[in-house]
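The values are calculated or read from the model by the stated rules, or taken from the named source; none is laboratory data. Worth saying up front: this structure is predicted, and the values here are computed from it rather than measured. Note that each Cβ is placed from the backbone with ideal geometry, even for glycine, and that neighbours are counted across all protein chains shown. Heavy atoms of the whole protein, side chains included, go into the accessibility calculation; ligands, DNA and RNA do not. Shrake-Rupley method; radii C 1.70, N 1.55, O 1.52, S 1.80 Å.
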Amino acid sequence: MKILVCISNVPDTTTKIRFTDDDTRFDTASVQWIINPWDELALTRALELKEGSGGSIEKVTVVNVGPKESEPTIRKALAIGADDAVRIDAEPLDAHVVAGELAGHIRNNPYDIVLCGIDSSDYNGSLVGGMLAELLDLPSVSSVSKLNIENDEITINREIDGGSEILSTETPFVAIVQKGIALEPRIPSMRGIMMARKKPLNVVEAAGAEPLTEFVRFELPPPKAACKMVDEENIRELVALLHNEAKVL
Amino acid sequence: MSVIVFVENWDGKFKKLSFELISYARQIADKSGSRVIALSIGTVEDDELHKLGNYGADKILKVEDERLNSLINKAYASVITQAAEKESSDTVLFSHNATGKALAPRVAVRLKAGAVTGVTEIPSSLDPFEVKKKVFTNKAFANVRVRSVKNVLTLFQNSVEIKETENNAEIEAFDAEIRDQDFKTRVLEVNKITGKVLLTDAEIVVSGGRGMKGPEKWQPLEDLAAELGAAIACSRPVSDEGWRPHEEHVGQTGKIIAPNLYFALGISGAIQHLGGVSSSKYIVAVNTDKDAPIFEAADYGIVGDVHKILPELTGEIKKMKDA
């Protein structure tokens, strides 16, 4: 069995968001780049499954659609423990491009399980996993908070409003994962970092998927008014403010 | 031409967000001079379906089939696409919730439509189609232009007003083709938590952080939530340390919420936390550290110990309600 984990290269989640070129472009100056947090959890779970599989999962591959600049993030995924990596050399202009490029690669290199994070912390599309499944005509399960494999049988927990469901699925399939899939993302060890340098990172030419959307202009939310402070001895005042001023109680 | 809205039901009932969707679709349809079609999948009584007409649906398509009693992405996407094609829809609208996120991308691919998720406003222009959405987890907005003829949107909850209109909606049973090969995933078991206010529905959310000082100290927070009919949430460290279940984690990697009122109790307000809650209409913060970043995001703040303040707050709210 082979698992593919799709990873996005995103700004660190503490990044101060700024735009440039008349607010038409995200300002990448002095930005630290990371593996998209949900993708990192997906990779962690894929490695746990491989380690517990007694050899039936032979390989965990990571794939990224992006320019050369995303390679440090891909190397980090290798350092965490992925066996090999693929970079599809294209600008990830929108979800349609990313999913289209991924689908092109997977058609020629089939995997049993494809894992995608439920969202990316930059453009918040929540689209790539579902689009990819549709392009490949595969089943998809979204909001996956647990994924187990026993004797090649797949069991999935899907979070729903006010509860959860347990599902089974045939392979191949796409799992779109969220918090809970792994407890904490795995951190690369020193040995992992050394080994990552020798692991294969194959660069693949883009198939030329076209974007269907474009970002025209960005804007920051209006600044927030100052916080009204209430004395801790005067809780009644807070309740009155919420009732009379904010009218939310 | 039409705008088609997928309206999810919960045990045969619609929610506020269903009516938000119809109201939003009505505004697009009025701009473009087209019709609003609501599509319901699953068992919903006609009385309930008719409610959609109150918010501007011109026609309600219903698809009832036992196989569609649980959400199977591929089968649902196929039915929605068939309905959109039958109604010549230019826009397909979903909620930006778990179901919408599961289905919108699949339908977009089938219709060769550009997809914009988490939209917060009525499109500023229909030709070219341009609409505003949230990006960088509530830290910014982007105006997105769709290059394709059709578009698929997911609407961020609590971002448009619900408007009632005259109701002339007709209900039509839609006989979609449902293919067995779309059911390669099967739901084996459903576990529902009953008697709790859901985070995604709640008008008020009461949330605890590390300042609560331990998992055994949540009772005062639960008392406040019970008094307010609020949902309970927590910060990431609290769920990571297992004090509370991860379903309650709100923030960048947890749930993104937009209630009318959010209580941040003993939460310092890391940027990742604020991303998940800053769409709340009002934020109340209680923290011992007067310099905690949560006070920069809050509307009302108290510097002090949550355990001293919580029982008093619950008491004062009760008094106000009784008065």
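Of the listed requirements (1) modelled with pLDDT under 95; (2) in a strand (DSSP E or B), B:A264 misses just one: (1).
Applying the condition of being at the interface with chain A (Cβ under 10 Å from one of its Cβ atoms) and of a type outside the set (K, R) to region B:196-208 and asking which residue is surrounded by the fewest Cβ atoms within 10 Å (Cβ to Cβ) yields B:L198.
Can you give me the number of residues within region A:128-167 that are in a loop (DSSP other than H, G, I, E, B) and β-branched (V, I, T)?
Selection size over region A:128-167: 0.
For region B:294-307, filtered to residues that are assigned to a helix (DSSP H, G or I) and crowded, with 18+ Cβ neighbours inside 10 Å, the residue that is nearest to the other protein chains (Cβ to nearest Cβ) is B:F295.
Here region B:113-149 is the region considered, the condition is being charged (D, E, K, R) and in contact with a Lys or Arg (Cβ under 7 Å, 6 or more places away or on another chain), and the residue that is farthest from A:D22 (Cα to Cα) is B:E121. For region B:151-171, residues that are closer than 22 Å to B:E85 by Cα, more than 8 Å from chain A (Cβ to nearest Cβ) and open to solvent by less than 60 Å² (accessible area, probe 1.4 Å) total 6. Among all positions in region A:9-19, there is no residue which is open to solvent by 40 Å² or more (accessible area, probe 1.4 Å), away from every other protein chain (no Cβ under 13 Å) and either modelled with pLDDT of 95 or more or assigned to a loop (DSSP other than H, G, I, E, B) (or both).
Can you find even one residue in region B:265-272 that is more than 11 Å from chain A (Cβ to nearest Cβ) and either surrounded by fewer than 21 Cβ atoms within 10 Å (Cβ to Cβ) or more than 25 Å from A:T15 (Cα to Cα) (or both)? Yes, region B:265-272 contains a residue that is more than 11 Å from chain A (Cβ to nearest Cβ) and either surrounded by fewer than 21 Cβ atoms within 10 Å (Cβ to Cβ) or more than 25 Å from A:T15 (Cα to Cα) (or both). In region B:45-91, what residues are closer than 21 Å to A:E165 by Cα and either open to solvent by less than 10 Å² (accessible area, probe 1.4 Å) or within 22 Å of the chain's Cα centre (by Cα) (or both)? Across region B:45-91, the qualifying residues are B:L68, B:N69, B:S70, B:L71, B:I72, B:N73, B:K74, B:A75, B:Y76, B:A77.
When you go through (1) outside any loop (DSSP other than H, G, I, E, B); (2) over 21 Å from the mean Cα position of the chain (by Cα); (3) more than 27 Å from B:D322 (Cβ to Cβ) one by one for B:G269, which number turns out not to apply? In the conditions (1) outside any loop (DSSP other than H, G, I, E, B); (2) over 21 Å from the mean Cα position of the chain (by Cα); (3) more than 27 Å from B:D322 (Cβ to Cβ), B:G269 misses (1) alone. Within region A:168-202, being more than 30 Å from B:A104 (Cα to Cα) and outside any loop (DSSP other than H, G, I, E, B) holds for A:M190, A:R191, A:G192, A:I193, A:M194, A:M195, A:A196, A:L201, A:N202.
Of the residues in region A:150-170, not one is under 22 Å from A:A85 (Cβ atoms), hydrophobic (A, V, I, L, M, F, W, C) and either open to solvent by less than 60 Å² (accessible area, probe 1.4 Å) or more than 14 Å from chain B (Cβ to nearest Cβ) (or both). Kindly indicate whether any position in region A:63-77 is assigned to a helix (DSSP H, G or I), hydroxyl-bearing (S, T, Y) and farther than 29 Å from A:I154 by Cα. Looking through region A:63-77, at least one residue is assigned to a helix (DSSP H, G or I), hydroxyl-bearing (S, T, Y) and farther than 29 Å from A:I154 by Cα. Being assigned to a helix (DSSP H, G or I) and without any contact (Cβ under 8 Å) to a residue 60 or more places away in the chain holds for only one residue in B:E20, B:E85, and it is B:E85.
Among the residues making up region B:114-124, those that are open to solvent by less than 30 Å² (accessible area, probe 1.4 Å) and either of a type in the set (D, E, K, R) or without any contact (Cβ under 8 Å) to a residue 60 or more places away in the chain (or both) are B:G114, B:A115, B:V116, B:T117, B:G118, B:V119, B:T120. Taking region A:66-103 as the search range and keeping residues that are open to solvent by 10 Å² or more (accessible area, probe 1.4 Å), among the aliphatic types (A, V, I, L, M) and within 15 Å of the chain's Cα centre (by Cα), which one is nearest to A:G130 (Cα to Cα)? Ranking the candidates gives A:A95 first. Annotation: B:P220 fulfils all but one of (1) over 30 Å from A:S140 (Cβ atoms); (2) in contact with a Lys or Arg (Cβ under 7 Å, 6 or more places away or on another chain); (3) not hydrophobic (A, V, I, L, M, F, W, C); the unmet one is (2).
Per the listing B:G229, B:G254, B:G242, B:G211, the residue uniquely more than 13 Å from every other protein chain (Cβ to nearest Cβ) and open to solvent by 10 Å² or more (accessible area, probe 1.4 Å) is B:G211. Are any residues in region B:170-222 under 25 Å from B:Y55 (Cα atoms), within 25 Å of the chain's Cα centre (by Cα) and in contact (Cβ under 8 Å) with a residue 60 or more places away in the chain, and if so, which ones? B:T200, B:D201 - these are the residues of region B:170-222 that are under 25 Å from B:Y55 (Cα atoms), within 25 Å of the chain's Cα centre (by Cα) and in contact (Cβ under 8 Å) with a residue 60 or more places away in the chain. Among the numbered conditions (1) closer than 30 Å to B:P259 by Cβ; (2) in contact with a Gly (Cβ under 7 Å, 6 or more places away or on another chain); (3) facing chain B (nearest Cβ under 7 Å); (4) buried (at least 17 other Cβ atoms within 10 Å of the Cβ), tell me where A:L212 comes up short. (1) is the only condition that A:L212 fails. Do you know which residues across region B:277-293 are open to solvent by less than 10 Å² (accessible area, probe 1.4 Å) and within 11 Å of chain A (Cβ to nearest Cβ)? Of everything in region B:277-293, those that are open to solvent by less than 10 Å² (accessible area, probe 1.4 Å) and within 11 Å of chain A (Cβ to nearest Cβ) turn out to be B:S280, B:I283, B:V284, B:A285, B:V286, B:A292. Within region A:215-231, the set of residues being facing another protein chain (nearest Cβ under 7 Å) and touching an Asp or Glu at 6+ places or on another chain (Cβ under 8 Å) comprises A:V216, A:R217, A:F218, A:E219, A:K224, A:C227, A:K228, A:V230. Look at region B:134-145 and say how many of its residues are on the phi < 0 side of the Ramachandran plot and open to solvent by 10 Å² or more (accessible area, probe 1.4 Å). So the count comes out to 5. Could you please find all residues in region A:91-128 being of a type in the set (G, A, S) and within 11 Å of another protein chain (Cβ to nearest Cβ)? Answer for region A:91-128, where residues must be of a type in the set (G, A, S) and within 11 Å of another protein chain (Cβ to nearest Cβ): A:A95, A:A99, A:G100, A:A103, A:G117, A:S120, A:S121, A:G125, A:S126.
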